[in-house]
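Shown next, in structure tokens, is the structure this report addresses.
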Amino acid sequence: MDTIHACFKEKIGEVLLPGDVFSFRLPESGDGSIKSEKIICGPGLRRNGEEVRVCKSGILRHKQPNMYWIDSQQRRYVPAKGESVIGIVTTKSGDVFKVDVGGSEQASLSYLAFEGATKRNRPNVQVGDLVYGQFTIANKDMEPELVCIDSCGRANGMGVFGADGLLFKVSLGLVRRLLAPQSEIIKDLEKIFPFELVVGMNGRVWVKAKTVQQTLIVTNLLETSENMTSQQRQTLFKRVAEGSL
Amino acid sequence: MTRMSATRGLCMRTMMELDQSCSVLREYGSEQSLLSKPDGSSTFVQGDTSILAGVYGPAEVKVSKEIYDRATVEVLIQPKMGLPGVRERAREQCVRETCEAALLLTLHPRSSVTVVLQVIHDDGSLLSCCLNAACMALMDAGLPMSHLFCGVTCAISKEGQIIIDPTARQEKECRALLTFAIDSAECNVLISSTTGSFSVQELQQCIAISQKASEQIFQFYRDSVKRRYSKIQ
Amino acid sequence: MGVVLNYGINSYISIVVLYFQSHRNTYADVVITKHIITAGKEQAAPQSAGWETALAPLTGAEDARVTSLRHCSLHAALPNIMAAGFKTAEPLEYHRSFLKENCRPDGRELGEFRPTTLNISSISTADGSALVKIGNTTVICGIKAELTMPPSDAPNKGYIVPNVDLPPLCSSRFRPGPPGEQAQSASQFIADVIESSDLINLEELCIEKSKLCWVLYCDIMCLDYDGNLLDACIIALLAALRNAQLPEATINKETDLAEVDIQKKRHLKINRHPVGSSFAVFDDSIIIVDPTAEEESLSTALLTVVTDEEDRLCAVHKPGGTSLSGEKLQHCINRAITRNKEISKLVDKVFESMKTAK
Amino acid sequence: MRDTPLSNCERRFLLKAIEEKKRLDGRQTYDYRNIKITFGTDYGCCIVELGRTRVLCQVSCELVPPKDSRPTEGIMFFNLELSPMASPAFEPNRQSELLVMLNRQLERCLRNSKCIDTESLCVVSGEKVWQIRVDVHVLNHDGNLMDAASIAAISALSHFRRPDVAIQGRDITVFSPEERDPIPLSIYHMPICVSFAFFLQGSYLLVDPCEQEERVKDGLLVIAMNKHREICSIQSSGGIMLLKDQVLRCSKIASVKVSEITELINKALENDKKIRKEGGKFGFAESMPKERITTLKREEAPVEMADVKETANEIVNRTETPTEVVSSPVLVAMGTAQVGEGIVNSWGLDEDEEDEPQTEDTKTDDVMVISDSEEEEVVILNEEAQKSTKLSKRK
Amino acid sequence: MPVDTKRIRGPEESQSPLFFLSPDKAPKASSRQGVRGNGEVRPMFARCGLISQAKGSAYLEAGNTKIICSVYGPREIERKDETDMKSGRLVCDFRLAPFSCSKRGAWIQGSEERDLSQTLLESLQPGVCLHRYPRSQIEVNVMVLENDGSILAHAVTCASMALADGGIEMYDVVLGCTLRQNGNTCLVDPSYSEECGSWQEGYGENQGCVTVALLPNLNQVSGLNADGEMREDTLADAVRTCMDGCHKLYPVLQQAVTRAVKKKAPPPEKYTFTCHSPQVLF
């Protein structure tokens, strides 16, 4: 019945390559009226007239009711509005900080975009510090802009962090898996020992455990879980848990 | 060195029928994401010919090269010996323009896409191997593309026989050498780069063969990406 | 008669300023207004003053073939100034609106070359030279022959060293300094054409095996860049090589040194006559021949086909861009074959005229 | 392009870990990362992987006249390139400080140590010698480029074979590998660089620093040594003060590392030799890690060529157009002709200045203009002169 | 091993065949006898506006010397480190085509070409109203297609024609003329073979070459370049002769510029003849 959905649905979970096409001939029902259907194309899918083209290689994902996107394992981050990322402050200039987020351009972060910050009471941010913030502006034609407060002016977990602990980089695909509501990887990892974790959509992960040794173990486990089935991962984690005890 | 591979090739050749022997793509392979620094990387191996490709982008662009409405593409081909010369520059132009046509550059204005191709070994069909490596590296980097592309080289021997994916030795002995890049959307010709003289019929035959061979390479791309994502549910 | 005058006006302003600025700037203003009015009404204004269209203005060859544009209703309807603005603001749309009507802004049909002029033997310091103009594009090729040792891997051969230069002189798009990518790939292309077409036997350039041979430096320089560089380069190279004369050189048996007699000169043996035809692809589908610089920069792909006099292909050079089907490619090749005949005739005629003059 | 900046958090953590004798990848202080040496199909070509650092080296040779000062010695030329592939911070054709440092160190390690017998590279004294060129390309930068480059260079030099030559009088014949087996270089010893990074004013040291460790280091000590424990070069940079004991300790560690690495190189060389001898498969294509999921290989595959001829013919025939009328050229002047009509270019039709200058003669103070165009501005003030110039042109 | 990787390379070295001429077969130096007088300049042909892409351009032919020049700008200054932004900048690039001399030249600009560029710049600068172009630069590119002597002088003339053609504001045009002093004889506008001579090796008295650049209407010398060894009075005479030579060439330049201006945009008849010389300023 749903022809557009149908042609998408049969490909869900399959690996697609750039140039693959979903063409939707609009179904003309018997009475001549054109039934309108809506689908939402996420990352990796682009509408091109009468068809939808894949533009990134990866797995086709679906979210009810009508969202489709391509899940790919790229490493370079492209800022998107509303996403939370870990940035590194590179310069202070005037009343903004320049923050490296791993994109093609540095993001700007206002002095005032911190909880409780006023013109008088400037936040204590040094060059090289880590900030966790959210994009309020991110599009291809403008310089991206970060804030460390939510719409109510609250920090809500954002701001400067990372006095100790370790920052490292993984693929964007892995980050998305870590951030998924019921992430299996994190669940498995939690069983080994307690640690603090900050995950940015830009592929940066910050970890802090009780000791340097434990921090390094978490880091290495996360890096290796990129290309593992859940079974392989579980056996590995189990071995580490036993060994580290 | 090359003697070995040549004899290997020779054994195989005698085993097969003469007119079939020339229409064989050498064994080929590729590895993606093998370098830690670049945003995308791949090696592509065709017989003994081997290219390593690294891609950065969309990344920061120099002000002097900035384009206001699209990304700037740069391609560098590094020869194994000595410095890149005029020949490399001509190849770079070919690969760059092909990448420009395949990439959706307007999605990342004022940024740069840099493709670096390192020749690891040249045993014929070098330009097509460069193209294949570049395409796989671009895919690995996750840059938005409207279509994929691949390269196929055909040699025309002195007897007028068409040899696909020739070795360096076959290239040396042939009368004409034609390299085409084929796009995955319509299987049309993206690049044509030729040396030697040939007839119109021969050109069209080579194009037709390249189009056939491209199907196999595109299938290979698909298989390797599938394998790569095989552990993610 | 809308289209005619836009370009006239643009160039006019700058010139009039030069002309009158010493006296009073107001002169210029008056003149311009007057010119617009008279010329806008009828074309007669410039003609009656005795300025034929043959003395085409600097910037716009457009004027010359105004009649063929009449059916482009869109432009006829647009006021002059707006059309000029349209051209600068939306160059691609401007060109598309012409292509839709199967013609081009300079009045040519899609498959029409610009007039091609060839002149030879004008540089007396070179051993052979030729100047080629395709429309505004101007290329000069000078050949210098020098003596050297043959290459160690081919002791019975000489050298041909072609280089294309795009000096800042020829267009504002080129900067001083070492050759850029375009010049380098053009040089490589010319070198490939020489090799592919078997233009000259390198053995013929050898004077004595592994001792002495000629090296022919073919320096090709663009003097005015308005697109279609490669075609012009090939014609210039071919004509210059045909024009070149080498003095007799021998090795003196006693002294083992080279000896040259410039009284005795011989022409080179040219085996083949390759001629190139360049095409530009617009919007992935429309193909035009002999693109101008502007058309080149707006097009999505470029193609150069080189054929010889036996209709064999010496090069099918498409350095990327959007794709073309085998069939479209074939159309281009057919056009290239006709072009070859045209240029061969041109070259022959020029050389004949030299012969009869002697 | 800018490299990702190092955050304060990483710096603090790294230094803390070093104090606790912990390293990011779980190594001990004196451990090297995994070293993998792969030889190519060509002689003198190898890829060295040192953890994630990756370096390609190719040795080549050429017959050249020797340097005047050393007429009986071959020439060694080293060139290390930091390919922009290796790091976003590397720009093509830029002489960065790092590049100059690496090139100098490589030359000191391999040329100044006289590890290669350059006299055996002389073919005809004062006339022709072999120039050995060593090109090192850094493909991925994850720290300790110097050690990786020196391992790659010496492995490639040991692997390299130059063509055999025969001399008859002044004629030199170079034999192809099919005619005569190529000849290896004569190598006296194999110097290898071992790098030590110092932290916190020299109180801590690490062998084989990775890129992040290099970023927080205070100083670097590079010792080039061979397995006979002969120091070939030693260089300290970064301006740290080292005690005599520290340097001695480092040289002891270096001697252990060097003998390990030398053994590894020799093993790799032997292995390659064996496979070549047995006629097995070798080269980079064979060394691709097939078990990785990012890797895929395919066997030789035939391409169907059955109906290719028909397709080609069809296209050619379908597009056959009746021969167009070929326009004939017009002779403008001697040596100049034109084909095509219509548009006039800026040089004008009437201007054939190259060949036939329409002379504006200034023999007298009068202006004389001769022009073949039919413009009314033609002014002829001296008809005699006009005739003479015209005549001189026709001669 | 510094090599030119941006051009197609030939053999490492090669010699012009002229080095190997057997002495009896060498061509004899031509003399002016009967062709033109020592004080005469060669017939000159000049034309403006040939290069379609340039703001202004000129082509000049004197004897066999052939020079082409284009002018671009005024456009944004490229190197912004210049301290004086109030006036514009003139940039000159003087090049000899590789085939322009009897011995093939290199592609890479040599010191001679750089010298000539500088001299050209200095000779032109006084003629151009640079204060009218603040923060911008005007580029002058000169290419010698064939060198048959007096290239600097003709390059100056050619460049100023191109500047005028490009509508660049000028106080006056600049003309150049060269004189070759050979003992007591002086040759105006020498050809290539006349230019070369014993003075370059340092022999003889009163041997030298003088090039003068002149603003004809202001009657001011904007550039003077003298090589060799000459007596004071001879040099003064030589400068005077050169200035005369320049004045002789002026009408040709005037004609060419006027012609180009008319061609580009025909003024209505009534103005056509009111302004005969285009460069009469102030």
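The values are calculated or read from the model by the stated rules, or taken from the named source; none is laboratory data. Worth saying up front: this structure is predicted, and the values here are computed from it rather than measured. Neighbour counts are summed over all protein chains in view; Cβ atoms, including those assigned to glycine, are modelled from backbone coordinates with ideal geometry.
Inside region E:34-64, can you point out the residues that are touching a residue at least 60 places away in the same chain (Cβ under 8 Å) and assigned to a loop (DSSP other than H, G, I, E, B)?
Once the filter is applied, which keeps residues that are touching a residue at least 60 places away in the same chain (Cβ under 8 Å) and assigned to a loop (DSSP other than H, G, I, E, B), region E:34-64 yields E:Asn38, E:Gly39, E:Glu40, E:Val41, E:Arg42, E:Gly49, E:Ala54, E:Lys55, E:Gly63, E:Asn64.
Working carefully through the options D:Glu314, D:Glu304, find the one that is outside the structural domain of D:Glu49 (by TED's automatic domain parsing) and loosely packed, with under 15 Cβ neighbours inside 10 Å.
D:Glu304
Would you tally the residues in region C:84-143 being without any contact (Cβ under 8 Å) to a residue 24 or more places away in the chain, within 18 Å of the chain's Cα centre (by Cα) and closer than 21 Å to E:Lys66 by Cβ?
Total satisfying the criteria: 2.
Scan region C:148-161 and give yes if some residue there is without any contact (Cβ under 8 Å) to a residue 40 or more places away in the chain and of a type in the set (D, E, K, R), otherwise no.
Yes, region C:148-161 contains at least one residue that is without any contact (Cβ under 8 Å) to a residue 40 or more places away in the chain and of a type in the set (D, E, K, R).
May I ask you to list the residues in region D:276-312 that are under 25 Å from C:Ile337 (Cα atoms) and more than 7 Å from chain B (Cβ to nearest Cβ)?
D:Glu310
Quick check: anything in region C:299-310 under 17 Å from C:Asn334 (Cβ atoms) and surrounded by fewer than 16 Cβ atoms within 10 Å (Cβ to Cβ)?
Yes: one or more hits.
Counting just the residues of region C:152-163 that are more than 7 Å from chain E (Cβ to nearest Cβ) and not acidic (Asp, Glu), which one comes out farthest from C:Ala244 (Cα to Cα)?
Residue satisfying both the conditions and the ranking: C:Ser152.
Of the residues B:Glu60, B:Glu97, only one is over 15 Å from the mean Cα position of the chain (by Cα), of a type in the set (Asp, Glu) and at the interface with another protein chain (Cβ under 7 Å from one of its Cβ atoms); which?
None of the other options fit; the residue is B:Glu60.
Restricting region E:100-119 to residues that are more than 10 Å from every other protein chain (Cβ to nearest Cβ) and among the aliphatic types (A, V, I, L, M), which is nearest to C:Ile140 (Cα to Cα)?
Among those residues, the one meeting the criterion is E:Ala106.
Determine if region D:7-16 includes at least one residue that is of a type outside the set (Ser, Thr, Tyr), crowded, with 21+ Cβ neighbours inside 10 Å, touching a residue at least 12 places away in the same chain (Cβ under 8 Å) and more than 7 Å from chain A (Cβ to nearest Cβ).
yes
In region E:160-171, is there at least one residue being in contact (Cβ under 8 Å) with a residue 12 or more places away in the chain, assigned to a helix (DSSP H, G or I), surrounded by fewer than 24 Cβ atoms within 10 Å (Cβ to Cβ) and in contact with a Leu (Cβ under 9 Å, 6 or more places away or on another chain)?
No - not one qualifying residue is present in region E:160-171.
Every residue in region A:217-245 that is outside any helix (DSSP H, G or I) and closer than 18 Å to A:Pro194 by Cα, please.
A:Leu245 - this is the single residue of region A:217-245 that is outside any helix (DSSP H, G or I) and closer than 18 Å to A:Pro194 by Cα.
On the basis of being modelled with pLDDT of 85 or more, part of a loop (DSSP other than H, G, I, E, B) and either buried (at least 19 other Cβ atoms within 10 Å of the Cβ) or not aliphatic (A, V, I, L, M) (or both), does C:Thr59 make the cut?
No; evaluated as a whole, the condition is false for this residue.
Looking at (1) surrounded by fewer than 24 Cβ atoms within 10 Å (Cβ to Cβ); (2) under 26 Å from C:Leu303 (Cα atoms), which is the only condition B:Ser111 fails?
It fails just one condition, (2).
Take the residues in region B:219-233 that are touching a helix residue (DSSP H, G or I) at 6+ places or on another chain (Cβ under 9 Å) and surrounded by fewer than 17 Cβ atoms within 10 Å (Cβ to Cβ); name whichever of them is nearest to the other protein chains (Cβ to nearest Cβ).
B:Lys231
Which residues, counting only those in region B:47-61, are over 11 Å from B:Val119 (Cα atoms) and modelled with pLDDT of 90 or more?
B:Gly47, B:Asp48, B:Gly54, B:Val55, B:Tyr56, B:Pro58, B:Ala59, B:Glu60, B:Val61 - these are the residues of region B:47-61 that are over 11 Å from B:Val119 (Cα atoms) and modelled with pLDDT of 90 or more.
So, in region C:170-187, exactly how many residues are crowded, with 21+ Cβ neighbours inside 10 Å and either facing chain B (nearest Cβ under 9 Å) or assigned to a helix (DSSP H, G or I) (or both)?
Qualifying residue count for the region: 6.
Going by the structure shown, is B:Glu171 more than 27 Å from C:Ala186 (Cα to Cα) and charged (D, E, K, R)?
It is false that B:Glu171 is more than 27 Å from C:Ala186 (Cα to Cα) and charged (D, E, K, R).
Which one of E:Leu145, E:Leu90, E:Leu152, E:Leu121 is surrounded by 19 or more Cβ atoms within 10 Å (Cβ to Cβ) and outside any strand (DSSP E or B)?
Exactly one of E:Leu145, E:Leu90, E:Leu152, E:Leu121 is surrounded by 19 or more Cβ atoms within 10 Å (Cβ to Cβ) and outside any strand (DSSP E or B), namely E:Leu152.
Just to be sure, is D:Pro88 outside any strand (DSSP E or B), in contact with an Asp or Glu (Cβ under 8 Å, 6 or more places away or on another chain) and closer than 27 Å to D:His137 by Cα?
Yes; evaluated as a whole, the condition is true for this residue.
Is region D:131-138 home to any residue that is of a type in the set (S, T, N, Q), away from every other protein chain (no Cβ under 13 Å) and part of a strand (DSSP E or B)?
no
Just need a number here: residues in region D:156-182 that are free of Cβ contacts under 8 Å to residues at least 40 places away in the same chain and of a type in the set (D, E, K, R).
Of the residues in that region, 6 qualify.
Yes/no per residue for (1) of a type in the set (D, E, K, R); (2) not in a helix (DSSP H, G or I):
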{"position": "D:Arg27", "(1), (2)": "yes, yes"}
{"position": "D:Ser69", "(1), (2)": "no, yes"}
{"position": "D:Arg94", "(1), (2)": "yes, yes"}
{"position": "D:Cys109", "(1), (2)": "no, no"}
{"position": "D:Val123", "(1), (2)": "no, yes"}
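Which of the residues spanning region C:79-110 are part of a loop (DSSP other than H, G, I, E, B) and either at pLDDT 80 or above or crowded, with 18+ Cβ neighbours inside 10 Å (or both)?
Result: C:Glu90, C:Lys100, C:Glu101, C:Asn102, C:Cys103, C:Arg104, C:Pro105, C:Asp106, C:Gly107, C:Arg108, C:Glu109, C:Leu110.
Considering region C:284-328 alone, what residues qualify as being away from every other protein chain (no Cβ under 11 Å), part of a loop (DSSP other than H, G, I, E, B) and touching a Leu at 6+ places or on another chain (Cβ under 8 Å)?
Within region C:284-328, C:Pro291 is the sole residue that qualifies.
Identify, from the list B:Gln216, B:Gln205, the residue that is in contact with a helix residue (DSSP H, G or I) (Cβ under 7 Å, 6 or more places away or on another chain), at pLDDT below 95, within 7 Å of another protein chain (Cβ to nearest Cβ) and in a helix (DSSP H, G or I).
Going through B:Gln216, B:Gln205 in turn, just one is in contact with a helix residue (DSSP H, G or I) (Cβ under 7 Å, 6 or more places away or on another chain), at pLDDT below 95, within 7 Å of another protein chain (Cβ to nearest Cβ) and in a helix (DSSP H, G or I): B:Gln205.
Residue-wise test of (1) in a strand (DSSP E or B); (2) modelled with pLDDT of 90 or more.
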position	(1), (2)
A:Lys38	no, no
A:Arg47	yes, no
A:Arg53	yes, yes
A:Leu60	yes, yes
A:Pro65	no, no
A:Trp69	yes, yes
A:Gln74	no, no
A:Tyr77	no, yes
A:Ala80	no, yes
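Quick check on my filter: what residues within region D:183-197 are touching a residue at least 40 places away in the same chain (Cβ under 8 Å) and not in a loop (DSSP other than H, G, I, E, B)?
D:Ile187, D:Ile192, D:Cys193, D:Val194, D:Ser195, D:Phe196
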